[in-house]
Amino acid sequence: MGNRIAFSDVSRAFLSRFGGRPNPIQAKVWKAFDPAVDSVVIAPTASGKTEAVFMPVAAELARRREREAIQCLVISPTRALASDLHRRLVNPLEKLRLRLDVATSDRNTVGKRASDILIK
C-alpha cells in the first residue's frame, strides 16, 4: 500500500484515552489487515475489537485521495450500539480527517458533506 498512514498516527488518534498504546489484539489486526481480503475479528468483550478493526480501516480511507461517497458501511444490530459506536469513534476519525455519521430511526447526523463511514 503506497502512502500508508503510520500506525503511530492512527494509534494516537484512536488510543489516546487508553495511553496511546495498542493492546495485543489491536497490534495483530493492524499487521494482518489487507483491504482486499474479507476478515473477521473474534475476541472477548471489551478487548478492543472496535478500535482494532477501525484503526486499519481508517488508515486506508485516510490514505485515499478521492472520497466522494460512503467508503465503509457499518451495520449495527441495535440503535444503542450505533449511537455508542458513533460517540466513541467520531473524534478519532475527525483527527484523521474522516467523516463518521450515524443514521438510525432516532438519530441522524448525515449532512450535506458525504460520509466516509456510515453507521446504520
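The values are calculated or read from the model by the stated rules, or taken from the named source; none is laboratory data. Quick caveat: nothing in here was measured; it's all calculated off a predicted structure. Using ideal geometry, Cβ is built from the backbone for each residue, glycine included, and neighbour counts are taken over all protein chains shown. These area figures cover heavy atoms from the full protein model, side chains too; ligands, DNA and RNA do not enter into them. Shrake-Rupley method; radii C 1.70, N 1.55, O 1.52, S 1.80 Å.
State whether the residues of the range 47-65 include one that is free of Cβ contacts under 8 Å to residues at least 12 places away in the same chain and among the charged types (D, E, K, R). If you could, list the steps in order and put the result at the bottom.
Initial filter on the range 47-65 (free of Cβ contacts under 8 Å to residues at least 12 places away in the same chain): 64-65.
Next cut, among the charged types (D, E, K, R) only: 64-65.
Checking the range 47-65: at least one residue is free of Cβ contacts under 8 Å to residues at least 12 places away in the same chain and among the charged types (D, E, K, R).
Condition test on residue 12, is it assigned to a helix (DSSP H, G or I) and exposed (fewer than 11 other Cβ atoms within 10 Å of the Cβ)? Talk me through it step by step, then tell me what you get.
On the way: assigned to a helix (DSSP H, G or I): yes; exposed (fewer than 11 other Cβ atoms within 10 Å of the Cβ): no.
No.
For the range 49-76, enumerate the residues that are open to solvent by 30 Å² or more (accessible area, probe 1.4 Å), closer than 19 Å to residue 99 by Cα and not hydrophobic (A, V, I, L, M, F, W, C).
Once the filter is applied, which keeps residues that are open to solvent by 30 Å² or more (accessible area, probe 1.4 Å), closer than 19 Å to residue 99 by Cα and not hydrophobic (A, V, I, L, M, F, W, C), the range 49-76 yields 50, 63, 64, 65, 66, 67, 68, 71.
Among the residues that make up the range 37-48, is at least one of them open to solvent by 70 Å² or more (accessible area, probe 1.4 Å) and among the charged types (D, E, K, R)? Explain how you work it out, then say what you get.
Taking the range 37-48 first, the residues open to solvent by 70 Å² or more (accessible area, probe 1.4 Å) are 37-40, 42, 44-46.
When the remaining residues are screened for being among the charged types (D, E, K, R), the result is 38.
Looking for residues that are open to solvent by 70 Å² or more (accessible area, probe 1.4 Å) and among the charged types (D, E, K, R), one finds at least one in the range 37-48, hence yes.
Does any residue of the range 77-89 turn out to be open to solvent by 80 Å² or more (accessible area, probe 1.4 Å), of a type in the set (D, E, K, R) and within 23 Å of residue 9 (Cα to Cα)? Reasoning before the result, please.
Taking the range 77-89 as the starting set, the residues that turn out to be open to solvent by 80 Å² or more (accessible area, probe 1.4 Å) are 77, 79, 87.
Keeping just the survivors that are of a type in the set (D, E, K, R) gives 79, 87.
Filter once more, so that each one left must be within 23 Å of residue 9 (Cα to Cα): 87.
Checked against the condition, which is being open to solvent by 80 Å² or more (accessible area, probe 1.4 Å), of a type in the set (D, E, K, R) and within 23 Å of residue 9 (Cα to Cα), the range 77-89 yields at least one hit.
Considering only residues that are part of a strand (DSSP E or B) and open to solvent by less than 10 Å² (accessible area, probe 1.4 Å), which ones fall in the range 101-120? Let's see the steps before the verdict.
Initially, the range 101-120 is screened for residues part of a strand (DSSP E or B), giving 101-103, 108, 117-119.
Residues satisfying the conditions are 101, 102, 117, 119.
Among the candidates 81, 93, which residue alone is modelled with pLDDT of 90 or more and under 12 Å from the mean Cα position of the chain (by Cα)?
Numbers: 81 fails: under 12 Å from the mean Cα position of the chain (by Cα).
Going through 81, 93 in turn, the sole match is 93.
Of everything in the range 15-36 that's part of a loop (DSSP other than H, G, I, E, B) and surrounded by 12 or more Cβ atoms within 10 Å (Cβ to Cβ), which residue is modelled with the lowest pLDDT? Before the answer, list the steps.
Quick first cut of the range 15-36, residues part of a loop (DSSP other than H, G, I, E, B) only: 19-23, 33-36.
Narrowing the set further to residues that are surrounded by 12 or more Cβ atoms within 10 Å (Cβ to Cβ) leaves 20, 22-23, 33, 35.
Values: 20: 76, 22: 85, 23: 87, 33: 87, 35: 82.
Selected residue: 20.
Report every pair of residues separated by at least 6 positions or lying on different chains whose Cβ atoms are under 6 Å apart, first residue within the range 93-110 and within 13 Å of residue 76 (Cα to Cα), second open to solvent by 100 Å² or more (accessible area, probe 1.4 Å) and in a loop (DSSP other than H, G, I, E, B).
Qualifying pairs under 6 Å: 103/120.
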